[in-house]
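Asker: Before anything else, here's the structure in question.
Every number here is computed from the coordinates shown, using simple stated rules; none is lab data. Bear in mind the structure is a predicted one, so any value in this text is a computation, not a measurement. Ideal geometry is used to build each Cβ from the backbone, glycine not excepted, and the neighbour counts take in all protein chains shown.
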Amino acid sequence: MSDLSAKLKKATDLKSGIKRLTLTDFRNYQSLRINSDICPIVITGENGAGKTNILEAISLLTPGRGLRGSKLADIKRISEEDNLLGNNTWSVAAEVLKNEEEHTIGTTLQKLTREENDNESHTIDRRIVKIDGQKTIQQAELGKYISAIWITPQMDRLFLGGTQPRRAFLDRLVYAFDNEHAKRTADFEHLYRQWVQLLKSGCQDYNWLQSLEADMAALGVAIAAARREQIARLNTFITAEPDDVFPDVRLELDGSIEKNAQQSLGFGCRRLLP
């Protein structure tokens with residue numbers, strides 16, 4: 001057995017997973033609780049029964065917008081009674097076993113009212129997270145307890161379409177090894193939105209723009225380096241564990257920052273994966 005195979009066996013011997021999943025007003029479920037053993041699980045049922053909704057709920061226990069990428073308000077179960085009572089929230093909670101330690105994690109929709117000028121206000125949706133009873137708005141913290149990767153029918157053209165879906169898929173692979181990567185990508189997107197808004201508004205505060213651009217550059221380099229490191233891991237695994245069924249694959253990131261990172265850090269990567 002190779003060193004890599006031994007490490008993989010040791011990692012899989014540590015049983016980790018979801019022991020209990022609880023949904024409240026989530027998609028078609030008013031209330032659902034699933035108790036499970038730490039083992040592979042197959043979900044079956046008629047079309048429209050809610051199988052994918054369960055998988056989406058689990059995906060929302062990881063950083064990001066879940067496997068559907070839906071708006072927070074669209075996840076709420078549609079109920080005339082709830083609408084009359086003003087109940088527009090949903091929640092997902094789970095008991096997780098991680099390296100022989102049990103944790104309770106959950107996420108829910110929180111509606112906030114912000115006051116504006118002329119006594120006007122508007123409501124915004126925000127997703128909050130609870131870990132062992134402590135509330136946080138940092139979704140990246142979820143990555144310390146659950147790592148999830150998915151391929152859905154909607155992703156069947158992952159390697160034939162644009163580069164953005166491939167980057168998002170690669171980033172999710174990185175989350176499994178680097179918990180800080182989710183925070184880096186979220187921070188970068190937040191800074192980018194600020195930068196675009198400033199340019200659209202015709203802002204003349206060049207110091208502010210330069211500060212944003214400097215922070216974006218630093219995060220961009222860190223993100224590119226983390227992606228390259230993940231590609232190096234995949235290439236190492238492919239080389240150490242050859243497959244007699246599928247053709248050999250060569251993975252490589254394409255981009256000026258990625259190429260500079262390769263020269264600086266010496267990562268050996270193969271085949272195009274933007």
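Asker: Among the residues in the range 104-116, are any assigned to a helix (DSSP H, G or I) and loosely packed, with under 11 Cβ neighbours inside 10 Å? Steps first, answer last, please.
Answerer: Here is the first cut: in the range 104-116, the ones assigned to a helix (DSSP H, G or I) are none.
No, there is no match, as no residue in the range 104-116 is assigned to a helix (DSSP H, G or I) and loosely packed, with under 11 Cβ neighbours inside 10 Å.
Asker: Collect the residues in the range 119-144 that are crowded, with 17+ Cβ neighbours inside 10 Å and farther than 21 Å from Arg68 by Cβ, keeping them in residue-number order. Lay out the reasoning, then the answer.
Answerer: Step one: of the range 119-144, the residues crowded, with 17+ Cβ neighbours inside 10 Å are 129, 131, 139-143.
Once the filter is applied, which keeps residues that are crowded, with 17+ Cβ neighbours inside 10 Å and farther than 21 Å from Arg68 by Cβ, the range 119-144 yields Ile131, Glu141.
Asker: Next question, about the same structure. Inspect the range 178-188 for any residue being within 22 Å of the chain's Cα centre (by Cα), crowded, with 16+ Cβ neighbours inside 10 Å, part of a loop (DSSP other than H, G, I, E, B) and among the charged types (D, E, K, R) and give the result as yes or no.
Answerer: Yes, the range 178-188 has at least one match.
Asker: Of all the residues that make up the range 162-176, how many are closer than 15 Å to Leu142 by Cβ and not in a helix (DSSP H, G or I)? So that I can check it myself, show each step before the final result.
Answerer: Step one: of the range 162-176, the residues closer than 15 Å to Leu142 by Cβ are 171-172, 174-176.
From what is left, the residues that are not in a helix (DSSP H, G or I) are 176.
Of the residues in the range 162-176, 1 are closer than 15 Å to Leu142 by Cβ and not in a helix (DSSP H, G or I).
Asker: Counting just the residues of the range 196-251 that are assigned to a loop (DSSP other than H, G, I, E, B) and of a type in the set (A, V, I, L, M, F, W, C), which one comes out farthest from Ala186 (Cα to Cα)? Break it down into steps so the answer makes sense when it comes.
Answerer: We begin by selecting, within the range 196-251, every residue assigned to a loop (DSSP other than H, G, I, E, B); these are 201-205, 241-251.
Next cut, of a type in the set (A, V, I, L, M, F, W, C) only: 203, 245-246, 249, 251.
Working: Cys203: 24, Val245: 38, Phe246: 35, Val249: 30, Leu251: 25 Å.
Here the residue is Val245.
Asker: A further question follows. Taking the range 17-60, which residues are closer than 25 Å to Gln154 by Cα and among the basic types (Lys, Arg)?
Answerer: Hits for the range 17-60 are Arg27, Lys51.
Asker: Give the residues of the range 20-75 that are of a type in the set (Gly, Ala, Ser) and in a loop (DSSP other than H, G, I, E, B), sorted by residue number. Step through it out loud before you land on a result.
Answerer: Our first condition is that a residue be of a type in the set (Gly, Ala, Ser); within the range 20-75, this holds for 31, 36, 45, 48-50, 57, 59, 64, 66, 69-70, 73.
Result: Ser36, Gly45, Gly48, Ala49, Gly50, Gly64, Gly66, Gly69, Ser70.
Asker: In this structure, does Phe159 turn out to be surrounded by 12 or more Cβ atoms within 10 Å (Cβ to Cβ), more than 17 Å from the chain's Cα centre (by Cα) and not in a helix (DSSP H, G or I)? Walk me through it before giving the result.
Answerer: On the way: surrounded by 12 or more Cβ atoms within 10 Å (Cβ to Cβ): yes; more than 17 Å from the chain's Cα centre (by Cα): yes; not in a helix (DSSP H, G or I): yes.
So Phe159 passes the test.
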